[in-house]
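Q: Structure in structure tokens, see below.
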Amino acid sequence: MRVKTLMRTRFSTLTPDLSLARARELMARERVTCLPVMHGSQVAGVLSVDAIRGAGPSVVPALARHEPPDALARLTVRDAMRVGVPTVRAETPVETAALLLADGDLEALPVVDGESPVGMLTRQDVLGFLADALDGDRGPGFDHVLVLVDFGEGTDAALAAGSRLARRAGRLTLLHVVTPRWRWLLAGAEPIGTLDWLVRQRRDRALALLRQLDRTGTPLDLGRIVAVGDPVEQALALAARLEADLLVVGRPVRRGLRRWRPGPAEALVARAPCPVLAVPPRSADHDAGR
Amino acid sequence: MQGSVLVVLDGRRAGERIVGWVRRLASGTGATVHLLTVREPGRLVRAGDRTVAFVDEVEAADRAEGLTYLAGIATRLGVAGIPTRLDVRVGRTVEAILDAQRDTRAGLVALATGDGGAPRGAVTEALVAELLRRVPVPVLIARAGLARAA
């Protein structure tokens, strides 16, 4: 693979006379950790976030007190940039670029055409490529899929999708969460023991229903868990504890104004420790029709 | 997994994390991956009274740049033996994704949310919420800042 495959072609450049404070702002805005410094049309060096940090006030408060607070505004890119950085060409093999990054302890390499920069190759780009290569040896699918089951209209589709996406001989865990919605209504009148008994009844019934779902004849290592509490919180906690690779949740059909109210899928997407697959109820039919 | 997967990329590195997961799903299955990036409509570029670039020229340049960007991602998937197709669309992001899903008959839409400071056309949590309401097939979403990557 060549550098041109991984390099970034949209990037800003710095000039040696720019203040470090401005350079830091620019890098923060563009969410990059390294930018090339240009002298005319040639690459004069690179400036990294680490270099800016090194040039700024000490992180030790006692030492920082003795340094001017506006040090970064007084210093320029020239004072902190790294010069003599090797460059690569778009056709350079990625392996060569990786060695240059490692040997030089560099954050990024400018990619040049002649003397003009045409791209930037960062350590992060190369690490991503290596992760791809290492992961390529594994078979398709996810190691551990957690399916949130609510026995609603989306359950079948979610279960089918979860089974399909799990790796051969992987793990599929079905989770149902019993929500004691009526607890606050009855808590004043019913003894706690009765409430707990009701929850236990619902939990046992849910477990029996989960067992009935095991009709796929799947070779997967199938687990069933019934928890009590808020479905989103329980799913998030369990996904983290079981180190699930994928969380599958059905998307219930909502009509009227409820259509605009966020459901569990939206909440899970925002906070899940793994990717989330949101499955619409008719997805199984859709797949079958293809 | 068979059929095709539509992968939405907004040009930001955060969004590319989805590629690893898609590769994991699609490798060895024969599925075709459609890489889609959506650009906002071009605007007339003027300098004083003179028109420097017309809308179609701006959009053509945007499309070319988008294809170059997607080609890099496609190479990464191609190494894993996954057939890919590239698609650059101009317009409103949600509508473009829905159109692309319909056109490609994709059975899965995959995307990653960015980490804030999103430019126009980027995949944001608001966009994801709208997609979840409207896309008729499963949607695979990786949020920004996931501790574990694919």
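Q: Select, from A:ASP245, A:ASP204, A:ASP221, A:ASP230, the only residue that is surrounded by fewer than 16 Cβ atoms within 10 Å (Cβ to Cβ), within 23 Å of B:ARG143 (Cβ to Cβ) and modelled with pLDDT of 75 or more.
A: A:ASP230
Q: Evaluate region B:64-84: report whether one residue or more is closer than 23 Å to A:LEU6 by Cα, in a strand (DSSP E or B) and at pLDDT 75 or above.
A: Yes: region B:64-84 contains one or more residues that are closer than 23 Å to A:LEU6 by Cα, in a strand (DSSP E or B) and at pLDDT 75 or above.
Q: Does region B:90-97 include one or more residues that are touching a helix residue (DSSP H, G or I) at 6+ places or on another chain (Cβ under 6 Å), modelled with pLDDT of 85 or more, surrounded by fewer than 20 Cβ atoms within 10 Å (Cβ to Cβ) and β-branched (Val, Ile, Thr)?
A: yes
Q: On to the next question. Limited to region A:2-32, what total is found for residues that are surrounded by fewer than 17 Cβ atoms within 10 Å (Cβ to Cβ), within 13 Å of another protein chain (Cβ to nearest Cβ) and part of a loop (DSSP other than H, G, I, E, B)?
A: Within region A:2-32, residues that are surrounded by fewer than 17 Cβ atoms within 10 Å (Cβ to Cβ), within 13 Å of another protein chain (Cβ to nearest Cβ) and part of a loop (DSSP other than H, G, I, E, B) number 3.
Q: Among the residues that make up region B:117-131, is at least one of them part of a helix (DSSP H, G or I), in contact with a Lys or Arg (Cβ under 6 Å, 6 or more places away or on another chain) and at pLDDT 85 or above?
A: Checked region B:117-131: no residue is part of a helix (DSSP H, G or I), in contact with a Lys or Arg (Cβ under 6 Å, 6 or more places away or on another chain) and at pLDDT 85 or above.
Q: Within region A:118-128, identify whether any single residue is closer than 24 Å to A:VAL228 by Cα, touching a strand residue (DSSP E or B) at 6+ places or on another chain (Cβ under 8 Å) and in contact (Cβ under 8 Å) with a residue 24 or more places away in the chain, and answer yes or no.
A: no
Q: Filter region A:119-151 for residues that are assigned to a strand (DSSP E or B) and either at pLDDT below 80 or surrounded by fewer than 19 Cβ atoms within 10 Å (Cβ to Cβ) (or both) and give the result.
A: Matches in region A:119-151: A:ASP143 only.
Q: I'd like the full set of residues that are away from chain A (no Cβ under 14 Å) and surrounded by 14 or more Cβ atoms within 10 Å (Cβ to Cβ), limited to region B:98-115.
A: Listed by number, the residues that qualify are B:ASP99, B:ALA100.
The values are calculated or read from the model by the stated rules, or taken from the named source; none is laboratory data. Quick caveat, the model's predicted, so the values are computed rather than measured. FYI the Cβ positions are ideal-geometry reconstructions off the backbone, even for glycines, and counts take in every protein chain you see.
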